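Nothing in this text is a laboratory measurement; each read-out follows from the coordinates by a stated rule. Quick caveat, the model's predicted, so the values are computed rather than measured. With ideal geometry, Cβ positions are generated from the backbone for all residues, glycine too; neighbour counts draw on all protein chains shown.
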Amino acid sequence: MTEKSDRCMSCGVTLIGPEGARFPCPNCGEIIMRCNKCRKQSNPYTCPSCGFLGP
Ligand SMILES: [Zn+2]
Ligand SMILES: [Zn+2]
């Protein structure tokens, strides 16, 4: 139906299969996706919807 490319919000890498983590933005509920690497390193991310900057 729609595009199925999940990309890390921090580094922009394409997430394949179960790789990475998805969680709702604490501010607006938009789904944020991050790769395992950025998750481990606690890289900052920015919500594409509301601009929320989070660890
Ligand atoms: Zn990443
Ligand atoms: Zn947000």
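A few remarks follow.
- Looking only at region 41-53, residues that are within 14 Å of ligand 2 (Cβ to nearest atom) and loosely packed, with under 14 Cβ neighbours inside 10 Å come to 6 in all.
- Restricting attention to region 17-44, the residues that are touching an Asp or Glu at 6+ places or on another chain (Cβ under 8 Å) and either in a loop (DSSP other than H, G, I, E, B) or closer than 11 Å to PRO55 by Cα (or both) add up to 2.
- Residue count, region 15-40 (criterion: surrounded by 12 or more Cβ atoms within 10 Å (Cβ to Cβ) and within 12 Å of ligand 1 (Cβ to nearest atom)): 12
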